[in-house]
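The values are calculated or read from the model by the stated rules, or taken from the named source; none is laboratory data. Note that the structure is a prediction, hence the values are computed from the model and not measured. Quick reminder, even Gly has a Cβ in these numbers, built from the backbone with ideal geometry, and neighbours come from all protein chains shown. Each accessible area value is taken on the protein alone, full model and side chains, heavy atoms only, with ligands, DNA and RNA left out. Shrake-Rupley method; radii C 1.70, N 1.55, O 1.52, S 1.80 Å.
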Amino acid sequence: MTSLRNSASFALGDRHVHRLGYGAMQLAGPGVFGPPRDRDAALAVLREAVAQGVNHIDTSDFYGPHVTNQIIREALHPYRDDLTIVTKISARRGADGSWIPAMSREELTQAVHDNLRHLGLDALDVVNLRSMLDVHGPVEGSLEAPLTVLADLQRQGLVRHIGLSNVTPTQVADGRRICEIVCVQNYYNLAHRDDDALIDDLARAGTAFVPFFPLGGFNPLQSSSLSAVALRLGATPMQVALAWLLRRSPNILLIPGTASVAHLRENLAAGQLVLPDDAIRELDGVAVAA
């Protein structure tokens with residue numbers, strides 16, 4: 001059985017976490033909205049993740065909404081001392097499941113308190129401010145006002161560390177002038193590599209980069225090169241894609257999500273997969289062909 005107990009780690013705020021973590025988004029219902037189809041299965045996945053040594057869980061109170069945080073609390077509270085739970089704020093859900101910007105002082109403050117209440121915490125380990133200037137991807141624009149609100153909540157002791165999500169390199173640089181930024185969470189994977197330069201910059205600064213949709217998200221990665229490498233190595237394409245990310249840079253922390261214990265174990269096993277140099281060269285070309 002796979003275990004992360006002796007696997008590589010990286011700094012996330014004042015903690016060191018294993019580079020393979022878990023993203024809780026898929027514990028909600030279809031479209032990340034409503035309850036899961038099988039709540040017992042969701043609880044089992046979380047408990048198995050922690051049993052395997054996962055000590056970094058990514059979530060948000062707008063998943064569901066409220067659903068994933070409530071399930072995390074039911075499954076794992078009281079939490080292990082070494083468990084780091086990272087959440088994000090700045091959106092709310094419409095009655096139709098739509099994603100609505102929620103970046104005012106009142107909305108951000110309420111979101112922090114909602115996360116605290118539903119997770120059963122007195123302070124949040126890490127809170128990512130997700131830019132909602134565009135729902136679909138990073139766009140330039142000032143995040144000074146919402147980030148200042150989050151920094152105020154940090155000074156009040158409700159938030160220990162602050163990260164940014166769905167942001168540009170300029171926004172990261174601007175954010176660093178307001179408060180310490182311990183992680184950046186952006187869309188990145190084997191085929192979508194717009195943040196290559198940002199990842200290298202963050203690595204030099206000792207800052208974590210956490211790719212969301214590391215396996216493609218709602219549109220899973222598909223590549224003949226990826227499939228060929230996986231076949232040669234006796235692994236699944238998704239394991240190879242995760243192993244490539246771990247090889248890409250030591251500051252990358254992975255949070256692949258699943259609602260299946262079997263799939264969870266498969267994802268965690270990627271940490272043991274060694275990619276030979278010829279496989280790396282072949283995989284590096286996937287982004288060019290994408």
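What is the local net charge at LYS88, summed over the other residues whose Cβ is closer than 11 Å to its Cβ (Lys, Arg +1; Asp, Glu -1)?
-1
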Distance between segment 241-290 and segment 158-186 - C-alpha centres, whole angstrom: 25 Å
For segment 19-144, rounded, prolate or oblate, judged on the Cα gyration tensor with a ≥ b ≥ c (square roots of eigenvalues), a/c < 1.5 rounded, else prolate if a/b > b/c? prolate
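Using only helices, what value at 222 nm comes out for the chain when you add -39,500 (n - 2.57) per DSSP H run of length 4 or more and divide by the total residues, to the nearest 500 deg cm²/dmol? Don't skip to the answer; put the middle values down first.
Details: 11 runs with 111 residues, N = 290.
After summing the helix terms and dividing by residue count, I get -11500 deg cm²/dmol.
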Between the helical axis of 105-119 and the dominant principal axis of the chain, each derived from Cα atoms, what acute angle in degrees is found, rounded to the nearest 10? 60 degrees
To the nearest 10 degrees, how steeply does helix 144-155 sit against the main Cα axis of the chain, on a 0 to 90 scale? 80 degrees
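Around ARG160, under 12 Å between beta carbons, what's the net of Lys plus Arg minus Asp minus Glu among the other residues?
Details: positive: ARG15, ARG155; negative: ASP14, ASP122, ASP125, GLU180.
Residues close to ARG160 contribute a combined charge of -2.
Taking 8 Å as the Cα distance limit and 6 or more residues as the minimum spacing, I'd like the relative contact order of segment 17-175 as a percentage. Each step should come with its number before you reach the end.
Working: 274 pairs, mean separation 29.7, N = 159.
That works out to 19 percent.
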Which value, in Å² rounded to 10, gives the accessible area of PHE10 with a 1.4 Å probe and all protein chains present? 40 Å²
Longest principal axis of the chain (C-alpha) makes with the long axis of helix 196-205 (C-alpha) an angle, in degrees to the nearest 10, of 70 degrees
For the chain: relative contact order, % (alpha-carbon pairs under 8 angstrom, 6 or more apart): 19 percent
Using amide H atoms built in the peptide plane, which far-off residues or other-chain residues are under 5 Å from GLY34 H to H? GLY29, GLY64
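Rounded, prolate or oblate for segment 28-102? Axes are the square roots of the Cα gyration tensor eigenvalues, ordered a ≥ b ≥ c, and the cut-off for rounded is a/c under 1.5. Spell out each step's value before the answer.
Working: a/c = 2.85, a/b = 1.58, b/c = 1.80.
Cα axes put segment 28-102 in the oblate bin.
Rounded to the nearest 0.05, what FRET efficiency is calculated for GLN272 and VAL135 with R0 set to 30 Å and r the Cβ-Cβ distance?
Working: r = 36 Å, r/R0 = 1.22.
So the FRET efficiency works out to roughly 0.25.
Given R₀ = 51 Å, what would the calculated FRET efficiency be for ARG281 paired with SER104, taking r from the Cβ atoms and rounding to 0.05?
Efficiency, from the Cβ-Cβ distance: 0.60.
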Only four residue types carry charge here, +1 at the Cβ of Lys and Arg and -1 at the Cβ of Asp and Glu. Report the dipole size of the chain about the Cα centre in Debye, rounded to the nearest 20. 460 debye
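Compute the convex hull volume of the Cα atoms of the chain, divide it by the residue count, and report the result per residue in Å³ as a whole number.
Working: hull volume 35.9 nm³, N = 290.
Taking the convex hull of the Cα positions in the chain, it is 124 Å³ per residue.
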Once you place label points 7 Å from the Cα toward the Cβ at ALA145 and ASP196, how far apart are they in nm? 3.7 nm
If you count, for each residue, the other Cβ atoms within 10 Å and average over each peptide, how do 137-147, 51-61, 78-88 line up from highest to lowest? 51-61, 78-88, 137-147
